[in-house]
1. Looking only at segment 51-68, count every residue that is over 13 Å from Ser87 (Cα atoms) and not β-branched (Val, Ile, Thr) and tell me the total.
2. Any chance you could count how many residues in segment 41-83 are touching a residue at least 12 places away in the same chain (Cβ under 8 Å) and assigned to a strand (DSSP E or B)?
3. Just need a number here: residues in segment 40-98 that are in contact with a Lys or Arg (Cβ under 8 Å, 6 or more places away or on another chain) and acidic (Asp, Glu).
4. Identify the single condition in (1) under 11 Å from the mean Cα position of the chain (by Cα); (2) more than 19 Å from Lys34 (Cβ to Cβ) that Thr61 does not satisfy, given that it satisfies every other one.
5. Does segment 33-74 hold any residues that are within 15 Å of Asn93 (Cβ to Cβ), of a type in the set (D, E, K, R) and in contact with a Gly (Cβ under 7 Å, 6 or more places away or on another chain), and which are they?
6. When you look at Thr81, is it among the β-branched types (Val, Ile, Thr), surrounded by 15 or more Cβ atoms within 10 Å (Cβ to Cβ) and more than 18 Å from Gln29 (Cβ to Cβ), yes or no?
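Coordinate-derived values only; no laboratory data. Keep in mind the model is a prediction, meaning the values are calculated, not measured. Cβ placement follows ideal geometry from the backbone for every residue including glycine, while neighbour counts extend to all protein chains displayed.
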Amino acid sequence: MTHTPFKKAALLGAFAASLAFSASAALAQTPPGKEKCYGISKASQDDGSDGAGPIPGMSTTDYQGDAYKFVTEGTCKAIMTPFGAGSTSPVKNRPPKN
């Protein structure tokens, strides 16, 4: 069986895509003893986002509602921000639109 450049490129692309998927799945896992706490991180200081995926540092505004930080289990709702307490689920309209 001969491999043309197109076949080689297709195989390499499929392999790269599977590696990227595996890496993003590993990033999305919550560490033991931790929970995701939404709306508490400063811009670019998040551990992931429901909007940008599990890639750390992608939030663009302070206290972005779909960005999370990993915190010790049971402490999220005690963390206060200028817009209220942290949340264990994504928060809409945070920060508020002017």
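1. Start the filter on segment 51-68 by keeping residues that are over 13 Å from Ser87 (Cα atoms), which leaves 51-62.
Subset that is not β-branched (Val, Ile, Thr): 51-54, 56-59, 62.
Summing the residues that are over 13 Å from Ser87 (Cα atoms) and not β-branched (Val, Ile, Thr) in segment 51-68 gives 9.
2. 10
3. Residues that pass the stated criteria total 4.
4. Tallying (1) under 11 Å from the mean Cα position of the chain (by Cα); (2) more than 19 Å from Lys34 (Cβ to Cβ), Thr61 fails exactly one: (1).
5. Asp66
6. yes
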